[in-house]
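The values are calculated or read from the model by the stated rules, or taken from the named source; none is laboratory data. Computed from a prediction, not measured in an experiment: that's the story for all the values here. Neighbour counts run over all protein chains shown; Cβ positions are idealised from the backbone, glycine included. Remember, those area values only see protein heavy atoms, side chains included, never the ligands or the DNA or RNA. Shrake-Rupley method; radii C 1.70, N 1.55, O 1.52, S 1.80 Å.
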Amino acid sequence: MARLRRRMWAWLLAGFLTVAALTLYQAERTGRSEPTAGSCPESALECPGEEKPLPLPVPSAVPSDSPSATAGPSPSATPASPSPTPPPDSGAPPSSAPGPACNGTSPGACGFPDARSTGPRIALKRHDTGNMSIKTDGTVIKGWDIYGSLDVYADNVTIIDSRITSTNWWGVNLRPGFKGLRVLHTTITAVPGKGPDNGGVNYAVSNMGESSVEVGWCDVSVFGNALSMGQGDLHDNYVHDIVAFRNLGGEWQHTDAVISGGGNKGRLTVRHNTLLNSVPIDKGASAALGLFADTGVVSNVIVDRNWLAGGAYALYGGGPGATGIQVTDNVFSTQYHPKSGLYGAVAAWNAGGAGNVWRGNRMSDGRPVVPEPAP
């Protein structure tokens, strides 16, 4: 009997050890098969919510107080070749279909960009850069919470998954003679009263050059003329809460969510953005999207599937000399004014201009928008 008991205890102990060994093996195998955090690539459009940011480069630049500086230390990010980002929407319907909440005041519910679909996708690390110049080609800034502005004197600079809070005239500025700037998944805002010209802050992203700039999936606010350029690729952005201000001459600064002054040599594409201008007319509001012939004839512009609201007119179409302007499938919202803009949805449309197309544009209640002839 004693021998039988000893044999049973031996069997039980052996079984217990076998189960424990199998459990440890399974845990180790499972741990190897699951992805680890912190693997969000530069090109990813979606990152897991709990993902940690990639390792950040160590700043090496001394911020420049002069926006016109032409020499100085290297930029604060380690140079790297920008990783490709999937191209913006090229004609497919908006990513989310309108739901029951879709109405004249809810762009997000209607499938257009809002705070939930724009801005950085990862945790950020604070960088008090001041007014910093970037002068090394291929610089990539990712995961930065920037207090200051970026003045770009380099090619192929990428700013991605970051936040910029500017106290300068601009958030990001590309200087003449340089190309390849991309600003993606970034929040760009400013502190009113801290910029020059009586505290004004004017350009969230400015393109002073003659090459295209890409701005995509960005949350932009405060700046008076938020996205300013003659050529570029502006897609999937949310521009909102523009702040009015008086300049040193006592005049109200004109405000536009997107502005182009004409004379462009390349193409300007404005596709699938939410462009809001809530500034009152008597405090400088011009348009949600202003194509103005300030520095030359407006030409070669695509305005496709945007949500537009506010301004004197929501859209200024380029004027009598404008050519190659394609305005298609845009929604003119009534959230600020019954006519989308105070005076109407569109002005300065040149219906007879070569290559000009007006098609599928409607008010947020479904009524078609028919532009008045340009004077």
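Quick one: net charge of Ala115's neighbours, Cβ under 14 Å, K/R +1, D/E -1?
-1
Name the shape class, rounded, prolate or oblate, that the alpha-carbon gyration tensor gives for region 111-232, where a ≥ b ≥ c are the square roots of its eigenvalues, rounded holds for a/c under 1.5, and otherwise prolate holds if a/b is larger than b/c and oblate otherwise.
Rounded is the answer for region 111-232, as its axis ratio a/c remains below 1.5.
Would you mind calculating the gained length between Val370 and Ala351 on full extension (0.36 nm times residue separation, minus the Cα-Cα distance), in nm to one decimal?
Going from the current span to full extension adds 5.8 nm.
With a 1.4 Å probe and every protein chain kept in, tell me what percent of the accessible surface of region 145-197 is carbon plus sulfur.
53
I need the calculated FRET efficiency for the pair Thr105 and Asp145, taking r as the beta carbon distance and R₀ as 35 Å, to the nearest 0.05.
Here the calculated transfer efficiency is 0.70.
Over all directions, average the projected area of the Cα convex hull of region 171-300 and note it in nm².
That works out to 7.2 nm², a quarter of the Cα hull's surface.
Using a 1.4 Å probe on the protein chains only, how many percent of the accessible area of region 256-323 belongs to carbon and sulfur?
Carbon-and-sulfur percentage of accessible area, whole number: 52.
At what distance in nm do the modelled label points of Ile281 and Glu210 sit from each other, each positioned 7 Å from its Cα along Cα→Cβ?
Result for the modelled spin labels: 3.9 nm.
Given region 243-375, what percent of its DSSP beta bridges are antiparallel, to the nearest 5?
The antiparallel proportion sits near 10 percent.
Between Thr328 and Asp241, what is 0.36 nm times their sequence separation minus the Cα-Cα distance? Round to one decimal in nm.
28.8 nm
Please work out the Cα center distance from region 212-245 to region 118-146, rounded to the nearest Å.
Cα centroid of region 212-245 versus Cα centroid of region 118-146: 17 Å apart.
As a quick test, which of the pairs Lys142/Lys179; Lys142/Lys265; Lys125/Lys194 have an alpha carbon distance above 21 angstrom in this structure?
Where the Cα-Cα span goes over 21 Å, the pairs concerned are Lys142/Lys265; Lys125/Lys194.
Quick check on region 131-173: take the gyration tensor over C-alpha atoms, sort the square-rooted eigenvalues as a ≥ b ≥ c, and tell me if it's rounded (a/c under 1.5), prolate or oblate.
oblate
Which whole-angstrom value gives the distance between the alpha carbon centres of region 183-204 and region 272-296?
Result: 16 Å between the Cα centres.
Specify whether the C-alpha gyration tensor of region 226-348 places it in the rounded, prolate or oblate class, a ≥ b ≥ c being the square roots of the eigenvalues: rounded for a/c under 1.5, otherwise prolate if a/b is larger than b/c and oblate if not.
Because a/c hits 1.5 or more and a/b fails to exceed b/c, region 226-348 counts as oblate.
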